[in-house]
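The values are calculated or read from the model by the stated rules, or taken from the named source; none is laboratory data. Note that the coordinates shown come from a computational prediction; the quantities given were computed from them, not determined experimentally. All Cβ positions, glycine included, derive from the backbone under ideal geometry; neighbour counts span all protein chains shown. All accessible areas refer to the heavy atoms of the entire protein, side chains included, with ligands and DNA or RNA removed. Shrake-Rupley method; radii C 1.70, N 1.55, O 1.52, S 1.80 Å.
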Amino acid sequence: MSVGTAGNSDSRHGLFAWSRDINADQWKAFYAAFLGWTLDAMDLLLFAFAVGSIGKVFNLSETWVGALFSVTLFSSAFGGALFGIVSDYIGRVRALTYTILLYSAFTGLSAFAPNIGFLLVCRLILGLGMGGEWAAGMPLVLEHWPKRLRGFVSGLMLGGWYWGYLLAAAVFQFVYPVFSDTPDLAWRTMFWVCIVPALLTFWIRTGVPESPVWLARQKRLRESGGL
């Protein structure tokens, strides 16, 4: 019994042995990008939950409903490329901050949409932030973590998407019913909830260290006269 117990203890210890190599700064980088990705997913699924009410309020055809989804995904592709470039110039932390602010702010503005055109523009712009969040956040994490753990941590990052779905489901379950008698107010309230992620940016800007890889590159550029 004692031998078996000791063996199990060693196994558990070995399973999490990798965590001894991760310092506080590396965890901060992970949490910042992970939470950004989680809240990114929460926004997308909340819209999926709300689109039925939106369609009724604005009397939308299926074509318009599809357009609202498509424009966000379309602009996300451009947002990834755009903020990938931006993060190379201004740093991963600042770029990540801007992407979260972008999709939080324009999700909040969506709640004030007086018509479908206004809502469409908001979805277009917030899509840039949604796509850009991954492009800024993933390099921040990978450039902090040891090379041998980068595949592992990218898998952990991906899990944030599903936590975002769970958060969206919780908001829909507990917030939407409170206003369900007024569908126009119900979907708008869910979008107001999405302004909360903007608060995360204060911690990211002050508490999360910049990528050491990016800092080293900037130093080399300064020394070579490239900046």
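3J(HN,Hα) along the range 24-37: 4, 5, 5, 5, 4, 4, 4, 4, 4, 5, 4, 5, x, 5 Hz, from the Karplus curve 6.51 cos²θ - 1.76 cosθ + 1.60 with θ = phi - 60°, whole Hz, x for Gly and Pro. Given a 1.4 Å probe and the protein chains as shown, V141 ends up with an accessible area of around 0 Å². Between W18, W163, W192, the GNM of the chain built on Cα springs shorter than 10 angstrom shows W18 fluctuating the most.
Sorted largest first by accessible area at a 1.4 angstrom probe radius, with every protein chain in place, the residues D25, D181 fall in the order D181, D25.
Do the sum for the chain: with -39,500 (n - 2.57) for every DSSP H run of n ≥ 4, divided by all residues, what is the mean residue ellipticity at 222 nm, to the nearest 500 deg cm²/dmol?
-27500 deg cm²/dmol
Applying 1/(1 + (r/R0)^6) with R0 = 30 Å to the Cβ-Cβ distance of F78 and W203 gives a FRET efficiency near 0.60.
Between E223 and V51, what length comes free when the chain is fully extended (0.36 nm per residue of separation minus the Cα-Cα distance, one decimal in nm)? Working shown, then result.
Working: separation 172, 0.36 × 172 = 61.92 nm, distance 5.28 nm.
Here the answer is 56.6 nm.
Listed by chain and number, the aspartates and glutamates whose alpha-carbon sits under 13 Å from that of K28, ignoring those within fewer than 8 places in the same chain, are E143, E210. Computed from phi, the 3J(HN,Hα) profile of the range 189-205 under the Karplus parametrisation 6.51, -1.76, 1.60 (θ = phi - 60°) reads 5, 5, 6, 5, 4, 6, 6, 3, x, 4, 5, 4, 5, 4, 5, 4, 5 Hz, with x in place of Gly and Pro. Across the chain, the mean sequence separation of Cα contacts (distance under 8 Å, 6 or more residues apart), normalised by length, yields a relative contact order of 33 percent. Amide H contacts of S211 (H built 1.01 Å from N, in plane; Pro and chain starts excluded): R92, V93 sit under 5 Å, all sequence-distant by 5 or more or on other chains. Distance between the 7 Å Cα→Cβ label points at I90 and V175: 2.6 nm.
Computed from phi, the 3J(HN,Hα) profile of the range 217-224 under the Karplus parametrisation 6.51, -1.76, 1.60 (θ = phi - 60°) reads 5, 4, 5, 4, 5, 5, 5, 8 Hz, with x in place of Gly and Pro.
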